[in-house]
Protein chains: 2
Amino acid sequence: MGRLDPSLISGLAVFEGLAAMDLERIVGQARSLRIAKDQPVFEQEQEAHSFFLLLDGHVRVVKSTPDGQEVTVRYISPGELMGIAHALGRATYPANAIAAVDCVALAWPSRLWTAFASDYPSFGASTYKAVGSRLQDAHTRVIEMATEQVEQRVAHALLKLVKQAGRKTDEGILIDFPITRQNIAEMTGTTLFTVSRLLSAWEDLDLVKGGRQKVTVVAPHQLLLIAEGRAQKS
Amino acid sequence: MGRLDPSLISGLAVFEGLAAMDLERIVGQARSLRIAKDQPVFEQEQEAHSFFLLLDGHVRVVKSTPDGQEVTVRYISPGELMGIAHALGRATYPANAIAAVDCVALAWPSRLWTAFASDYPSFGASTYKAVGSRLQDAHTRVIEMATEQVEQRVAHALLKLVKQAGRKTDEGILIDFPITRQNIAEMTGTTLFTVSRLLSAWEDLDLVKGGRQKVTVVAPHQLLLIAEGRAQKS
DNA sequence: TGTGCGATTTGCGCTGGCGCAAATTGGTCG
DNA sequence: CGACCAATTTGCGCCAGCGCAAATCGCACA
């Protein structure tokens, strides 16, 4: 197992306010791992043996319903914690986490979480803050699902992806990992057909540019108008 | 201001594992207050000066969208904390909290939150666990909104209310506070018309019994079948 | 007991979005 | 370079659920 370069991670929000020595002690107890594209990082109902810090790549968090439908809860970007079931008082993971691309992550035994949180208060505080903002996100999702039309929800989802994982290209802003219409549908509670139709329509208006397993947002501002329900119908 | 009887609250989950003395110290710093029906406990965007423990009554937590629609996030029952924005790293309340009936609550200045959590670890732990379970709830809501039909969502909402605030009567289980069709609609992301139609239909089947600002569930098990999508269409 | 208002019900028409199927496209791998 | 397969597009039909309006009901208060 190779040595980790602390400079890679010293700037992360999770470790904000930690002394270099403490940081090293924490990181020193981690094991690093690679997850190949489409492989699970952890699985729903599985015992939550570890929690993770994503260093590189993108991970899709999906919940499966008893009858086989899937709902994408969120995408994890580098620098974010995942699998912190333990911090929420859970013994098992609440969802499946699947690598959207080849990923690199650090993993700690769940057991260490409590120790870290009490030994390094700023670590505990920042993770709880993270949990708080996830609760916010979840509530926002609920509001959106309850009050917005599919078109607005898909627009919001795209904008969220752009903000979180947008990479500037000469055509616009590209979502930096493979994403299918089906994936977008699972984020917004609709069907891949409807997403496809919407993207086609937007492509006609030069708001986005589609592609196989990819989406490029050309006119984020226009998209925002749609997301807010302020777009004029043609 | 009257003295509080510690025995009223010593059994609450929030204070689980606290020594009697610590409990008294915490409660001693609270101010108790009454909130009249339909009055706000706190309001969205307002600075989060206090956090609360509901002792008696029921509080509806509602988020308003910019365009005036409202979504009910949850109902608070006696024994639950509310307004813990501070614990989530927020400076303002994320929603409106309105007394569904006359209520009694304890209030502490938000500033004390951090002190309590570090001085009494079990207080911190149990509240974080509460936050965790709210995150769970929120995710469940998202899943429901994304995958279920309106009929199932309304059934789920009713069952949740029954579990949380059901009172047994000779006709069935009554939701123990005034609740309108509009309220149920705001919980499930639909319209009061649709809720009314569903309740009427269920009343014809003797699954529930309606009334002005009230609902009595007669056949919870049948309702569960509907909620799970396992009910046979007539 | 009467009055007034908010809550509820119900009819009617409409449409956003789903479901299915078939065609097409684009990438990958031998 | 060609075959194969997954992803995507698109046409078509349908219906769950919304929006509105009108009627009714039930409670609270004078």
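A few notes on this one:
- Summed over the range B:10-50, residues that are in a strand (DSSP E or B) and open to solvent by 70 Å² or more (accessible area, probe 1.4 Å) total 3.
- In the range A:51-79, the qualifying residues are those that are in a loop (DSSP other than H, G, I, E, B) and surrounded by 20 or more Cβ atoms within 10 Å (Cβ to Cβ), and the one that is farthest from the other protein chains (Cβ to nearest Cβ) is A:G57.
- Top-ranked residue in the range A:95-134 [being within 12 Å of chain B (Cβ to nearest Cβ) and either open to solvent by less than 10 Å² (accessible area, probe 1.4 Å) or in contact with a His (Cβ under 7 Å, 6 or more places away or on another chain) (or both); ranked as farthest from A:A13 (Cα to Cα)]: A:A95
- Residues (hydrophobic (A, V, I, L, M, F, W, C) and more than 19 Å from A:E148 (Cα to Cα)) located in the range A:179-218: A:I179, A:L205, A:L207, A:V208, A:V215, A:V217, A:V218
- Filter result for A:R181 (surrounded by 16 or more Cβ atoms within 10 Å (Cβ to Cβ) and more than 14 Å from chain B (Cβ to nearest Cβ)): yes
- So A:L199, is it among the hydrophobic types (A, V, I, L, M, F, W, C), more than 14 Å from chain B (Cβ to nearest Cβ) and near DNA strand D (Cβ under 8 Å from one of its atoms): yes
- Checking each residue in the range A:165-174 for being under 18 Å from the mean Cα position of the chain (by Cα) and either assigned by TED's automatic domain parsing to the domain that holds A:A36 or within 15 Å of DNA strand C (Cβ to nearest atom) (or both) picks out only A:L174.
- Every pair of residues 6+ apart whose Cβ atoms lie under 6 Å, when the first sits in the range B:197-220 and is under 11 Å from B:E171 (Cα atoms) and not assigned by TED's automatic domain parsing to the domain that holds B:R167 while the second is in a loop (DSSP other than H, G, I, E, B) and within 13 Å of DNA strand C (Cβ to nearest atom): none
- Set side by side, the residues B:A125, B:A157 differ, and just one is outside any loop (DSSP other than H, G, I, E, B), more than 20 Å from B:L224 (Cα to Cα) and not aromatic (F, W, Y), which is B:A125.
- One residue from B:L174, B:L192, B:L199 being more than 15 Å from B:Y75 (Cα to Cα), open to solvent by 60 Å² or more (accessible area, probe 1.4 Å) and at pLDDT 95 or above: B:L192
- Verdict on B:T140 being within 13 Å of chain A (Cβ to nearest Cβ) and crowded, with 19+ Cβ neighbours inside 10 Å: no
- Subset tally (residues that are away from every other protein chain (no Cβ under 14 Å), within 16 Å of DNA strand C (Cβ to nearest atom) and crowded, with 17+ Cβ neighbours inside 10 Å) for the range A:208-230: 6
- When A:F193 is tested against (1) over 28 Å from B:D137 (Cα atoms); (2) in contact with a Ser or Thr (Cβ under 7 Å, 6 or more places away or on another chain), only condition (2) is not met.
- Scanning the range A:112-158 for residues that are among the hydroxyl-bearing types (S, T, Y) and at pLDDT below 95 turns up A:T114, A:S118, A:Y120, A:S122, A:S126, A:T127, A:Y128, A:S133.
The values are calculated or read from the model by the stated rules, or taken from the named source; none is laboratory data. All of these numbers come straight from a predicted model, not from anything done at the bench. Positions of Cβ are generated from backbone atoms using ideal geometry, with glycine treated the same way; all protein chains shown enter the neighbour counts. The protein model used for the area step is the full one, side chains on, heavy atoms only, and it has no ligands, DNA or RNA in it. Shrake-Rupley method; radii C 1.70, N 1.55, O 1.52, S 1.80 Å.
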